[in-house]
Amino acid sequence: MKVINSGFEADPSGFVALADYVPAVVQEIRYHSTYNFIGDRIDGYEEPVALITKEAARALKEVSNEMIVQGFRLKIFDAYRPVCAVKHFMLWGIEDQDVRMKPYFYPDLKKQELFEKGYIAKRLGHSRGSTVDLTLLDMNTGKELDMGSPFDLFSPASHPDYRGITEEQYNNRMILQHAMLRCGFVPIDCEWWHFTLKDEPYPDTYFTFPVSSEYLRR
């Protein structure tokens with residue numbers, strides 16, 4: 001593995017396109033679209049593709065294999081997120097008065113509370129390259145499992161241990177969480193969809209190259 005100093009880094013050589021490692025994966029990269037909590041395509045998302053470190057990709061392949069046996073496929077909402085995207089989040093929070101997506105993503109919070117409560121941070125694990133946001137698809141129906149709250153709903157209802165949902169919804173969360181834990185990922189306490197590789201290769205490095213498979217070939 002190439003040693004990269006801590007801080008900010010533009011070298012994508014330790015990254016891969018996740019679909020190259022996990023062909024069964026489904027991708028819906030929300031920050032390349034306008035259906036996200038800001039309502040615009042996020043800076044740095046040049047292509048709707050999940051990029052991730054090689055180590056995290058290998059671990060996700062194990063998760064995928066396990067889930068396929070149980071009749072599920074992985075659906076990815078986000079993986080590597082460049083530093084400029086996080087800056088976009090911060091500027092939106094500080095300067096932009098636009099709240100058009102509030103009913104869909106933070107209906108019970110004021111905009112600034114997204115930062116105060118830790119839903120959005122100045123430095124995010126996604127920019128280190130080994131964090132992924134995902135859910136499960138039922139291979140029989142082709143539909144997402146009902147997790148009790150949608151991706152990026154900033155609410156206590158999205159906390160992994162939230163019990164104000166049905167038993168089936170909670171069990172669906174646990175299917176995903178247990179598989180991710182077994183394959184070396186760790187969750188956070190406010191988002192059921194968010195996991196980081198425990199032994200991430202670049203724990204102190206935040207990457208700046210755009211989300212585009214073209215950068216992996218340079």
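The values are calculated or read from the model by the stated rules, or taken from the named source; none is laboratory data. The model shown is predicted, which means the values in this text are computed figures rather than measured ones. Neighbour counts run over all protein chains shown; Cβ positions are idealised from the backbone, glycine included.
A few notes on this one:
- Taking region 25-37 as the range and being surrounded by fewer than 21 Cβ atoms within 10 Å (Cβ to Cβ) and either polar (S, T, N, Q) or modelled with pLDDT under 95 (or both) as the test, the residues that pass are 27, 33, 34.
- The residue that is farthest from residue 44 (Cα to Cα), counting only those in region 161-218 that are of a type in the set (Asp, Glu) and outside any loop (DSSP other than H, G, I, E, B), is 167.
- Output for region 147-160, where each listed residue is among the small types (Gly, Ala, Ser) and either assigned to a loop (DSSP other than H, G, I, E, B) or in contact with a helix residue (DSSP H, G or I) (Cβ under 7 Å, 6 or more places away or on another chain) (or both): 148, 149, 155
- Selection from region 104-135 of residues that are buried (at least 18 other Cβ atoms within 10 Å of the Cβ) and polar (S, T, N, Q): 127, 130, 131, 135
- Selection of region 180-218 for residues being without any contact (Cβ under 8 Å) to a residue 24 or more places away in the chain and either of a type in the set (S, T, N, Q) or in contact with a Lys or Arg (Cβ under 6 Å, 6 or more places away or on another chain) (or both) yields only 186.
- Scope region 21-32; condition closer than 21 Å to residue 71 by Cα and outside any loop (DSSP other than H, G, I, E, B); matching residues: 21, 26, 27
- Per-region count, region 144-178, residues over 14 Å from residue 105 (Cα atoms) and of a type in the set (S, T, N, Q): 5
- The combined condition, being touching an Asp or Glu at 6+ places or on another chain (Cβ under 8 Å), buried (at least 17 other Cβ atoms within 10 Å of the Cβ) and farther than 14 Å from residue 213 by Cα, is fulfilled by residue 56.
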